[in-house]
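Written below as structure tokens is the structure these notes are about.
The values are calculated or read from the model by the stated rules, or taken from the named source; none is laboratory data. Treat the numbers as computed from the prediction; the structure is a model and nothing was measured. Here the Cβ is made from the backbone with ideal geometry for all residues, glycine too, and neighbour counts use every protein chain on show.
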């Protein structure tokens, strides 16, 4: 079977506010258009948090996708992007690196965040929905602001080596293309299975889920077919988590 490999078109900027915003401002761009920057001055992650985008030290990349899939499967874009990032890092074969994925798409290295993903939709009348997959990966950062130093890390901090950003980007786009095609071919179960293989948060993890006005605690028991996280509460009730901030409850 031949593997579908899309024709990515990359627009590279030295400095930009946000790669996601730049891609939004390109309404006629075809699917697989990418915007990449050496530096973001207004990078952001989920929940409108800022993303530290030091000049030349990380991968700051946004990809335009236009999947013709059921609306219920759209959340799987987030999961497959995290799988693609994790597999790309695993491909570097860094023995000192313990990789994990925190639901839905935070990639962790040795329990610190090394990559974040932001999926945004942008629609044009009478056209298929457009989704922008924004990916930030900390590659060569040697330090972080004080408020991030305890929760963020980079490949260079973890192993001491310097990484070529373009080479990492190309490998990542290859993995993203592979998993995106699985989604397009209605093989969503493979995405769910691979995510659960790569994440310790999939099953048996004691977590607290923080919402805007509530928080609940329980044990993770796998993913729903929609990509939602399933949580068993102390009462035995099973809750399906569609959104929220997940934190690991460490055992004392």
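Some observations on this one:
- Whichever residue in segment 87-116 is under 23 Å from residue 18 (Cα atoms) and crowded, with 24+ Cβ neighbours inside 10 Å and, among such residues, is farthest from the chain's Cα centre (by Cα): 114
- Restricting attention to segment 132-182, the residues being in contact with a helix residue (DSSP H, G or I) (Cβ under 6 Å, 6 or more places away or on another chain) and under 30 Å from residue 74 (Cα atoms) number 10.
- Inspection of segment 128-136 finds a residue satisfying the criterion of being over 18 Å from the mean Cα position of the chain (by Cα) and either surrounded by 18 or more Cβ atoms within 10 Å (Cβ to Cβ) or in the same structural domain as residue 32 (by TED's automatic domain parsing) (or both).
- All told, residue 199 falls short of being in contact (Cβ under 8 Å) with a residue 40 or more places away in the chain, in contact with a strand residue (DSSP E or B) (Cβ under 7 Å, 6 or more places away or on another chain), crowded, with 19+ Cβ neighbours inside 10 Å and more than 20 Å from residue 231 (Cβ to Cβ).
- Count of segment 1-52 residues which are on the phi > 0 side of the Ramachandran plot, in a helix (DSSP H, G or I) and modelled with pLDDT of 85 or more: 0
- The condition of being under 19 Å from residue 69 (Cβ atoms) and either touching a residue at least 12 places away in the same chain (Cβ under 8 Å) or surrounded by 14 or more Cβ atoms within 10 Å (Cβ to Cβ) (or both) holds for only one of 187, 194, that being 194.
- Filter result for residue 72 (exposed (fewer than 13 other Cβ atoms within 10 Å of the Cβ), part of a helix (DSSP H, G or I) and at pLDDT 85 or above): yes
- Any hit, segment 138-151, residues being crowded, with 18+ Cβ neighbours inside 10 Å, in the same structural domain as residue 35 (by TED's automatic domain parsing), within 25 Å of residue 9 (Cα to Cα) and touching a strand residue (DSSP E or B) at 6+ places or on another chain (Cβ under 6 Å): yes
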